[in-house]
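For reference, the structure is listed below as structure tokens.
The values are calculated or read from the model by the stated rules, or taken from the named source; none is laboratory data. Please read all numbers here as calculations on a predicted model, not as lab measurements. Counting neighbours? That spans all protein chains shown, and the Cβs are built from the backbone with ideal geometry, glycine included. What goes into the accessible areas is simple: the full protein's heavy atoms, side chains included, and nothing from ligands, DNA or RNA. Shrake-Rupley method; radii C 1.70, N 1.55, O 1.52, S 1.80 Å.
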Amino acid sequence: MLVAAGTIPLVGMIGAGVDVSRTYLVKSRLQQACDAGVLAGRKYATNASFDTTARGKADAFFNNNFPSGTFGTNNIEFVPTQNGEGEIVGVAKARVPMTIMTAFGTSHTDLEVKCDARLDIGNVDVSLVLDVTGSMGASLGSGTRISELKKAVINFYDILGPGDPAKGRIRYAVVPYSTNVNVGYSIPPQYLIGGTGADSYSYQSRVANMTVPTYSSGPVVNLPNEVFNSGASISTSDCSKYGNNASFTGFTGGTNPVVTGGAPPAPRTSIAYSNNATGGVDWGYSGAADTTGTSRSCRRKVKSTAQTFLGFGQDTANRWTYRQQDVSIEGFAEGDNVQIYTGGNLSASQTVPDPKEYDMRELVEVAGSTVPGTSMRWNGCIEEVQTSDDVTPTTPVDTLPTGAFDLDPNHIPSSRETRWRPAWQEIIYYRAISGDATSGTKEPNSRCPAEPARRLMEYTSIDSPPTGFATLTSFRDYINSLSLSGGTMHDIGFIWGARFVSGDGIFAADNPDSWNGEPVTRHIIFMTDGEMNAHNQQYVFHGWNDLDERVAPRGTSKSQIDATHNRRLRIMCEQARQAKITVWMIALQDPGSTDDFTDMQACAATPDHFKFVDSADDLNNEFRRIASNIADLRLTR
């Protein structure tokens, strides 16, 4: 009887232990599922909203970790939301049916757990290097490649957000690139030729040969008629010659008109002769000594014109010389408006004060010129610093070649040759030979991205101007303003993406290795839709290579030029790696394309840092993936 009496509480104790243990296991699993759900939700959420996509990811991760019926549970519920600080807050519930304890009147236990997740960004400097070449206008999904890229970049910002001074600073640089980059106004003036005062730079251009004296004509005065040899008789043909001041037997003529006066700028007088001998008006004229027969008296009319010197006009026999020419960049490199000549051959009334050659700026701006000019301002595109033409497709990538300062993300100019130069497309002319030529072709297209690149900047929100730059547009408006131009030269975009985030180089003072006592991570996110497409026959960031020969000899094949620029890209990438910059590469290609983007794959930090995408969704998801990997997901409860 004692044993029987003791069995009841013993069973209760054992049952309670079993059900309590089981309840503990369920609660532990429920908490894990709740954590997984909010982490997934935070990863896919933007700062603006916890949208249906992010909610679906949160639900999916919760359900995968706590399937329906786990441990016999029911009434399972998971509710994730986003709070005002951007955290994803979750509440998970489940009912746990009791087993042995049902005999004691307890049928179930209701469990509830809570979970929060946030993105801890830390200190991040990220440079977005974006392809804005003409091919980005091709269709993609419901829009174009460039429109879908803009959406993806804006979503990227939404995930990382503006940063938080108490938790970590995040800054964004943006480098739109094509065959050049618009970075000139970001370069400290002392590192730019002409950036701090009077200077000149040598461009492939032309000069106007202005050597012909030009005069204006005053009133015409009729002088008394002149008679040949006091009325001596001559033939009709000789009378005509006399009227034109031309020589014949018995008369030594000369030029017509006869110009007398001093050398320019002195005024001069023009005496012009004429007659109408064949009509009988001046040959055998009324009242002449001899008015009949085959020989008659002859007279001629005389007119005098006073001429005032205007200046020197263009030599019509040798109008232009096409060559490499020093042109003043005073003011131009500082962003001032300057005047240049952009037209064709000059008219007779367009003159200059002295007889010599004139470049396209001097032709307009020299005092006393009557040549009309076009007002323009530097657009911000550049010619790169000194480089080396020894780089070939087989040059080792792990060492910076001697003299190739343009491949160094940490380059700081120390001489005139190692400074950047303002590109000036409007005065560029191509000629078929390397030496001076009498004919040439104007560079027809501007391949400079219209929107200036932006150095690292902070934003308090996606719709606010950069902190400290109230006159600039917001991040959203800036990205949406990007337009297309030019072809695909990856190396110029990459090097400036690296320079903007590097802890050394010309921006080192603004790019410390730590901020607020915590380290700064640096990233380049490089996106393109095409393989390298370099040019010998265009004005790009190394000038006009077929004439300047800065990268390769004149006449180098297109395939060799492409391979050389790809090797230069690889060298830049290795320099970025040594500077502890993490490189992410995104290659957008058409489905079925055979382009392998070998050099870009080698440039990425790891194989997982390179991705092919072929749809708008893939492009957007890749930017989201990168943003989530840059950020650090943390549970806060």
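Within the stretch 471-494, if we keep just the residues that are in a helix (DSSP H, G or I) and hydrophobic (A, V, I, L, M, F, W, C), the residue that is nearest to ARG145 (Cα to Cα) turns out to be ILE479. Against the test of being in contact (Cβ under 8 Å) with a residue 12 or more places away in the chain, of a type in the set (Val, Ile, Thr) and over 28 Å from ASP618 (Cα atoms), the options VAL583, VAL540 yield a single qualifying residue, VAL540.
May I ask you to list the residues in the stretch 266-292 that are part of a loop (DSSP other than H, G, I, E, B) and either of a type in the set (Ser, Thr, Tyr) or closer than 19 Å to SER237 by Cβ (or both)? Selection gives ASN275, ASN276, GLY280, VAL281, ASP282, GLY284, TYR285, SER286, ALA288, ASP290, THR291, THR292.
Would you confirm whether or not the stretch 597-604 contains a residue that is in contact with a Lys or Arg (Cβ under 7 Å, 6 or more places away or on another chain), of a type in the set (A, V, I, L, M, F, W, C) and buried (at least 22 other Cβ atoms within 10 Å of the Cβ)? Looking through the stretch 597-604, at least one residue is in contact with a Lys or Arg (Cβ under 7 Å, 6 or more places away or on another chain), of a type in the set (A, V, I, L, M, F, W, C) and buried (at least 22 other Cβ atoms within 10 Å of the Cβ). Checked against (1) within 22 Å of the chain's Cα centre (by Cα); (2) over 21 Å from GLN425 (Cα atoms); (3) crowded, with 20+ Cβ neighbours inside 10 Å, ILE159 passes all but a single condition, namely (1). Just one residue in the set GLY486, GLY497, GLY440 is at pLDDT below 95 and either surrounded by 17 or more Cβ atoms within 10 Å (Cβ to Cβ) or not hydroxyl-bearing (Ser, Thr, Tyr) (or both); that residue is GLY486. Select from the stretch 393-417 the residues that are loosely packed, with under 13 Cβ neighbours inside 10 Å and over 25 Å from the mean Cα position of the chain (by Cα) and list them in ascending order. Scanning the stretch 393-417 gives THR394, PRO396, ASP398, THR399, THR402, SER414, SER415. Considering only residues in the stretch 333-356 that are aliphatic (A, V, I, L, M) and surrounded by 14 or more Cβ atoms within 10 Å (Cβ to Cβ), the one that is nearest to ALA266 (Cα to Cα) turns out to be VAL352. Where residues in the stretch 112-143 are under 19 Å from the mean Cα position of the chain (by Cα) and in a strand (DSSP E or B), which of them is nearest to GLY41 (Cα to Cα)? My answer is VAL126.
Every residue in the stretch 303-330 that is part of a loop (DSSP other than H, G, I, E, B), within 30 Å of GLY195 (Cα to Cα) and open to solvent by 20 Å² or more (accessible area, probe 1.4 Å), please. Result: GLU330, single match. Of all residues in the stretch 569-592, those that are among the hydrophobic types (A, V, I, L, M, F, W, C), more than 25 Å from ALA627 (Cβ to Cβ) and open to solvent by 10 Å² or more (accessible area, probe 1.4 Å) total 0.
Scanning the stretch 607-616 turns up no residue that is outside any helix (DSSP H, G or I), at positive phi, basic (Lys, Arg) and open to solvent by 10 Å² or more (accessible area, probe 1.4 Å). Close Cβ contacts (under 6 Å, 6 or more residues apart or on different chains) running from residues in the stretch 171-198 that are within 19 Å of MET457 (Cα to Cα) and among the hydroxyl-bearing types (Ser, Thr, Tyr) to residues that are open to solvent by less than 10 Å² (accessible area, probe 1.4 Å) and assigned to a strand (DSSP E or B) comprise TYR172/VAL126.
Considering only residues in the stretch 389-419 that are of a type in the set (A, V, I, L, M, F, W, C) and part of a loop (DSSP other than H, G, I, E, B), the one that is nearest to PHE507 (Cα to Cα) turns out to be ILE412. The residue that is nearest to MET572 (Cα to Cα), among those in the stretch 375-392 that are free of Cβ contacts under 8 Å to residues at least 40 places away in the same chain and surrounded by fewer than 15 Cβ atoms within 10 Å (Cβ to Cβ), is ASP390.
Being over 30 Å from GLY497 (Cα atoms), modelled with pLDDT of 95 or more and hydrophobic (A, V, I, L, M, F, W, C) holds for only one residue in VAL371, VAL385, and it is VAL371.
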